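Input: a single structure, listed below in structure tokens.
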């Protein structure tokens, strides 16, 4: 589409509502019955298929596809939120499927919810306020994220899983379907259950991402030394001693060092959640919904 001066214009369906002030790239497409708020920015080659609502102070990068009935940037579902300026920032080439909801940040969490690049967010997933997702992540159908969750690159979250606020999910981790996640998920590992339990190394995910046999074997050895023989105990043996020995034995392996650091942080957190120890409010007096 061009205007009378032959300048490229975004493709905006006649039934869409785009409020004055919205900034839409010239090669973006806004489909039928979409609503784009006044403070929204939409990047090049991004497409709103139909019936999409983009609200609040939301920035959407290049090459994103957003499917019907997704709502991005609506007010956070947090009783502490009082209408202050907060933001939702979404990167490039994300595929955001039907009925997904993503909320902006709150003042208590730094004011920003951030989604990286090349993520697949499937039908009905919810990403609450102040979450931070990296790149190349898969959220399967109806995954539910509470607020203040951090997810590392290449993690996969199985369908209908529920993740408690302030949980960290490490890069290349795999969370099985219908899992209740109340503690941090170590990188490179797979967890499942209610509550979640570490079941092994995410071998398939690592192979798909071109990890070497040596790297995978080192991580399998780490799993055996840290989690083997568990019944109701969270870790095998003395975790502090095991982590120290593992770090020394694999001092030149960046993957092992990352795993060790992640577990040490979780140990120093609250109920196995490192980010819980960093929260700014009193969890007993400020309810969120």
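All of the numbers you see were taken from the coordinates with simple rules; none came from a lab. Predicted model, so just to flag it, every value in this text is computed and none were measured. Every residue, glycine among them, receives a Cβ derived from its backbone with ideal geometry; neighbour counts consider all protein chains shown.
Brief remarks on what is shown
- Annotation: average projected area of segment 70-118 is 3.4 square nanometres, based on the convex hull of Cα atoms across all directions.
- Taken over segment 73-169, the alpha-carbon convex hull comes to 78 cubic angstrom per residue.
- Extension reserve of the residue 283-residue 9 stretch, reckoned as 0.36 nm per residue once the Cα distance is removed: 93.8 nm
- When you count the other C-beta atoms within 10 angstrom of each residue and take the mean per peptide, 265-277, 50-62 line up highest first as 50-62, 265-277.
- The DSSP beta bridges internal to segment 108-246 are antiparallel in roughly 15% of cases.
- For the chain, share of DSSP beta bridges that run antiparallel, in % to the nearest 5: 10
- Exposure proxy ranking for 161, 258, based on other Cβ atoms within 10 angstrom of each Cβ and starting from the fewest, stands as 258, 161.
- For segment 75-278, the relative contact order works out to 11 percent when only alpha carbon pairs closer than 8 Å and six or more residues apart are counted.
- Distance between segment 123-141 and segment 150-196 - C-alpha centres, whole angstrom: 11
- Shown here: segment 1-145, whose C-alpha atoms stretch 47, 31, 23 Å along the first, second and third principal axes, sorted largest to smallest.
- Proportion of all alpha-carbon pairs of segment 75-278 beyond 25 Å (%): 36
- Gain on full stretching of the segment that runs from residue 207 to residue 194 - 0.36 nm per residue minus C-alpha separation: 2.0 nm
- From its DSSP helices (H runs of at least four residues, each -39,500 (n - 2.57)), the chain gives a residue-normalised ellipticity at 222 nm of -5000 deg cm²/dmol.
- Calculated FRET efficiency for the pair residue 79/residue 271, C-beta based, R₀ 30 Å, to 0.05: 0.90
- In plain terms, the chain from residue 238 to residue 41 could stretch by 65.8 nm, reckoned as 0.36 nm per residue minus the Cα-Cα distance.
- Hydrodynamic radius by Kirkwood, which averages 1/r over all alpha carbon pairs of segment 122-224, in angstrom: 13.4
- Here the Gaussian network model covers the chain, with springs between Cα atoms less than 10 Å apart; of 256, 157, 204, 204 fluctuates the most.
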